[in-house]
Amino acid sequence: MMTDTRGKARPAFRWLGFLGAAAAAAPAVAQGGAPSLFFERTVLQAADERCGLLTPDVGAALAAGAAQARGAALRQGASERTIKSLEARARTRAARMGCASPELARAALDVEEAYKGFVRVRRMTYPGERAEWRADRTLARDARWRLSQESRFGADRMTFGLAGRAAPGVLLAVAQFADEAQPYGARLVMRDTDRTLGPYLPAGASLARRLPPSSGQRSFLAEARSPAGADLLPRDARSGWALRFPEEAVQALAGLDPREAVAVQFLFPGGGVRTAYVEVGDFAAGRAFVQMAAR
């Protein structure tokens, strides 16, 4: 029988610090050290890419930890420019370290050893400012939510994220409408990173106000629609609609600032639109976590 270990995102990644920082990693995130933690993890990532220090599974875990630290740094006030500068500096440092460096060898050994405990974690919760992502990489015969966030909009509700029998799954919005309305399609709207200089984050703004003006947006139309299966519906829901978005939307979502929001617009005959909002949060870190199950 498989042991099912649950965890919160911060303590679960405490072992992913670099060069002896493993024990202090989680406190560093909480006490303002997220930019430093992001730098350390990126150094080891870059060194691994060049030198093949880690096994694929451990490398994937390190990527999840780096994504989490990046999100924490941005939430603590670091700018995108600062993050890019830290990443460039980290890669420069890694390039200057020899693959046979005792320092790198010790770091890789520590991470590989600590991974043996981390691999037992099958479920994770990633708290955000207003919402949370729930990650699940357990093996299953039926489709299930691999990474999901709940949203209520008016009398309706939605579960959004990655779902499937195998991780990481496909990007879905599963909605239940109180009046049993039937959408003919849906549109996922987010910031266009190629047409904007950074996230649109008015002070104290609700999720609905964290999207830029239409000139700075991009959207992805759902590529499939079907009645939702019982395995993806809340236990108290009798029916709902599942709409699948393209893989390109997954990549775009993972590249956003964790403080941003995206909108899921459900489209109805006659021009009706109902909109649900999702906090980006640690989507990238959660996605990396569930991808580890597919390796």
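Within the set Thr138, Thr159, the sole residue that is surrounded by fewer than 20 Cβ atoms within 10 Å (Cβ to Cβ), touching a strand residue (DSSP E or B) at 6+ places or on another chain (Cβ under 6 Å), in contact (Cβ under 8 Å) with a residue 24 or more places away in the chain and hydroxyl-bearing (Ser, Thr, Tyr) turns out to be Thr138. If you go through region 185-196 and keep only what is in a loop (DSSP other than H, G, I, E, B) and surrounded by 13 or more Cβ atoms within 10 Å (Cβ to Cβ), you end up with Asp192, Thr193, Thr196. Conditions: (1) among the hydrophobic types (A, V, I, L, M, F, W, C); (2) assigned by TED's automatic domain parsing to the domain that holds Glu260; (3) under 21 Å from Gly71 (Cβ atoms). Ala166 meets all but one. Number of the miss? Just one mismatch for Ala166, condition (3).
Out of the residues in region 112-135 that are aliphatic (A, V, I, L, M) and within 15 Å of Ala64 (Cβ to Cβ), which is surrounded by the most Cβ atoms within 10 Å (Cβ to Cβ)? Among them, the one singled out is Ala135. Just a yes or no: is a residue in region 54-68 surrounded by 22 or more Cβ atoms within 10 Å (Cβ to Cβ), charged (D, E, K, R) and not assigned by TED's automatic domain parsing to the domain that holds Thr196? The answer is no, given that none of the residues of region 54-68 is surrounded by 22 or more Cβ atoms within 10 Å (Cβ to Cβ), charged (D, E, K, R) and not assigned by TED's automatic domain parsing to the domain that holds Thr196.
Across region 41-70, the number of residues qualifying as acidic (Asp, Glu) and under 18 Å from Val119 (Cα atoms) comes to 1.
The single condition among (1) crowded, with 23+ Cβ neighbours inside 10 Å; (2) more than 17 Å from Asp231 (Cβ to Cβ); (3) modelled with pLDDT under 95 that Ala167 does not meet is (2). Taken as a whole, the structure leaves Ser101 outside the set of residues that are of a type in the set (Ser, Thr, Tyr), in the same structural domain as Ser206 (by TED's automatic domain parsing) and at pLDDT 85 or above.
Scoring Gln149 on the criteria (1) at pLDDT 90 or above; (2) surrounded by fewer than 19 Cβ atoms within 10 Å (Cβ to Cβ) leaves a single failure, condition (2).
The test for being assigned by TED's automatic domain parsing to the domain that holds Ala261, under 15 Å from Val278 (Cβ atoms) and among the acidic types (Asp, Glu) does not hold for Asp194.
Inspection of region 257-274 finds a residue satisfying the criterion of being among the polar types (S, T, N, Q), in the same structural domain as Gly164 (by TED's automatic domain parsing) and surrounded by 15 or more Cβ atoms within 10 Å (Cβ to Cβ). Only one of the listed residues (Glu87, Glu113) is out of contact with any helix residue (DSSP H, G or I) (no Cβ under 6 Å at 6 or more places or on another chain), more than 30 Å from Ala208 (Cα to Cα) and of a type in the set (Asp, Glu). That residue is Glu113. Of all the listed residues (Arg81, Arg106, Arg96), the sole one being loosely packed, with under 13 Cβ neighbours inside 10 Å and under 19 Å from Ala254 (Cα atoms) is Arg81. Where strands (runs of 3 or more DSSP E) sit wholly within region 127-183, those with at least 1 residues that are touching a Ser or Thr at 6+ places or on another chain (Cβ under 7 Å) and over 15 Å from Leu232 (Cα atoms) occupy 132-136, 144-153.
The values are calculated or read from the model by the stated rules, or taken from the named source; none is laboratory data. Not measured: the values here are computed from a predicted model. Note that we place each Cβ from the backbone using ideal geometry, even for glycine, and neighbour counts take in every protein chain shown.
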